[in-house]
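Accompanying notes for the structure given below.
The values are calculated or read from the model by the stated rules, or taken from the named source; none is laboratory data. Since the model is a prediction, treat every value here as computed from it, not as a measurement. Cβ: placed from backbone, ideal geometry, glycine included. Neighbour counts: every protein chain shown. When the accessible area is computed, the model is the full protein with side chains, heavy atoms only, and any ligands, DNA or RNA have been set aside. Shrake-Rupley method; radii C 1.70, N 1.55, O 1.52, S 1.80 Å.
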Amino acid sequence: MKRHNIILAIETSCDETSAAVIRDGSEILSNVVSSQIESHKRFGGVVPEIASRHHVEQITFIIEQAMREAGVSFRDLDAVAVTEGPGLVGALLIGVNAAKAIAFAHGIPLIGVHHIAGHIYANQLIKKLEYPLLALVVSGGHTELIYMEEEDDFKVIGETRDDAVGEAYDKVARTLGLPYPGGPHIDRLAQEGRETIAFPRAWLEPDSYDFSFSGLKSAVINTLHNYKQRGDEVNIADVAASFQASVIDVLVGKTKRAVEEYKVKQLLLAGGVAANRGLREALKTTFADTDVELRIPPLSLCTDNAAMIGAYAYIKWKKGEFSSYDLNGEPSLQL
Ligand code: KG4
Ligand code: ZN
């Protein structure tokens, strides 16, 4: 009799090649992540063609390593899961084809996973999720508020109308002459600076949970130009602190209103920007004396990784929701 479910999961939607082995949807047996940041740094952002090439070179080694570290063989697998979207199409295809090959060769089910569902279910690898819940997903490609009344039921109540929050961080950082990815640098500088510039807050319509960061990004760029034209010295730390204050005000403000309206038990933070110290502190303070449980997974599970894909794949496995061999990389897959 087989007691455990074992899933091999693969993630190649952007610039991380990752493979993981997950037991019963909650236990990480291995989670190997190979980052390409160094290769993209000199271009100031992810170059899709380079990302695909790296995935091709890495994928078999990363899968082998994940299997070895987990101490399982392909015969032990109940399914192979893979991010089918959203993401860079050329990058997604590498993972999707690797997963198809494994599914076919070993006669096991193939499970296509939505990347954001993965980010949310990363929390399940720490502790069981409790519904209803709200997830704030903030990364280089996403800024979304997602309401879940029950398991596997996603309702996007708010999203960005232009730049993702991580993207705004990276663009502002570039203007400040900071290396890519700029988020961590701005975060560090913001701790050293003070909010001396009143940048705008994009609240949009009063009842909207949507976000917009491009106006703020332009305001920062214009301010820097004005300083330069006047020959004034720019205090980068103060600019970083002022920018970050605007971002956090809006993110936390909208999240708080949604938590109250939807009366959720848990608030999950997900995505690479969850690393932001200012955001974490602001959320902790805001929800400290409430009944809402704030859950922020460890950093390794906030940034892109395959373990989170395996965690959500288990939900689909339980329901018998498998993909066919015509599974494709879907750059704009809807949740
Ligand atoms: O989730 P992720 O690893 O990749 C995807 O975009 O899917 O997120 C990467 C993003 C980058 O834009 C990076 O600048 C941002 O997360 N980021 C941060 C911090 N650490 C990473 N942004 C603000 N503060 C940070 N500490
Ligand atoms: Zn991501």
Kindly indicate whether ILE63 is closer than 16 Å to TRP317 by Cα and touching a residue at least 24 places away in the same chain (Cβ under 8 Å). no
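Quick check on this structure: which one of LEU333, LEU294, LEU301 is farther than 30 Å from PRO206 by Cα and either open to solvent by 40 Å² or more (accessible area, probe 1.4 Å) or within 16 Å of ligand 2 (Cβ to nearest atom) (or both)?
One residue alone meets the criteria, LEU301.
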Assess whether THR143 counts as being within 13 Å of ligand 2 (Cβ to nearest atom) and either open to solvent by 60 Å² or more (accessible area, probe 1.4 Å) or modelled with pLDDT of 95 or more (or both). yes
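Listed residues GLU150, GLU130, GLU159; which is within 16 Å of ligand 1 (Cβ to nearest atom) and open to solvent by 60 Å² or more (accessible area, probe 1.4 Å)?
Details: GLU150 fails: within 16 Å of ligand 1 (Cβ to nearest atom); GLU130 fails: within 16 Å of ligand 1 (Cβ to nearest atom).
Among GLU150, GLU130, GLU159, only GLU159 is within 16 Å of ligand 1 (Cβ to nearest atom) and open to solvent by 60 Å² or more (accessible area, probe 1.4 Å).
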Mind checking which residues of the stretch 2-41 are within 16 Å of ligand 2 (Cβ to nearest atom), in contact with a His (Cβ under 8 Å, 6 or more places away or on another chain) and touching a residue at least 40 places away in the same chain (Cβ under 8 Å)? GLU11, THR12, SER13, ASP15, THR17
Residue list for the stretch 47-73, filter: within 22 Å of LEU93 (Cβ to Cβ) and out of contact with any strand residue (DSSP E or B) (no Cβ under 7 Å at 6 or more places or on another chain): VAL47, PRO48, GLU49, ILE50, ALA51, SER52, ARG53, VAL56, GLU57, THR60, PHE61, GLU64
Restricting attention to the stretch 247-268, which residues are open to solvent by less than 20 Å² (accessible area, probe 1.4 Å) and either closer than 20 Å to GLU150 by Cβ or out of contact with any Leu (no Cβ under 8 Å at 6 or more places or on another chain) (or both)? VAL250, ALA258, VAL259, VAL264, GLN266, LEU267, LEU268
Those residues that are within 14 Å of ligand 1 (Cβ to nearest atom) and touching a Gly at 6+ places or on another chain (Cβ under 9 Å), I need them from the stretch 183-207; list them, please. GLY183, ASP187, ALA190, GLN191
Filter the stretch 213-241 down to residues that are open to solvent by less than 20 Å² (accessible area, probe 1.4 Å) and not in a helix (DSSP H, G or I), then give me how many there are. 1
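Just to be sure before I move on: is ALA105 more than 15 Å from ligand 2 (Cβ to nearest atom), hydrophobic (A, V, I, L, M, F, W, C) and open to solvent by 40 Å² or more (accessible area, probe 1.4 Å) in the structure I sent? Show your work before the answer.
On the way: more than 15 Å from ligand 2 (Cβ to nearest atom): yes; hydrophobic (A, V, I, L, M, F, W, C): yes; open to solvent by 40 Å² or more (accessible area, probe 1.4 Å): yes.
Yes.
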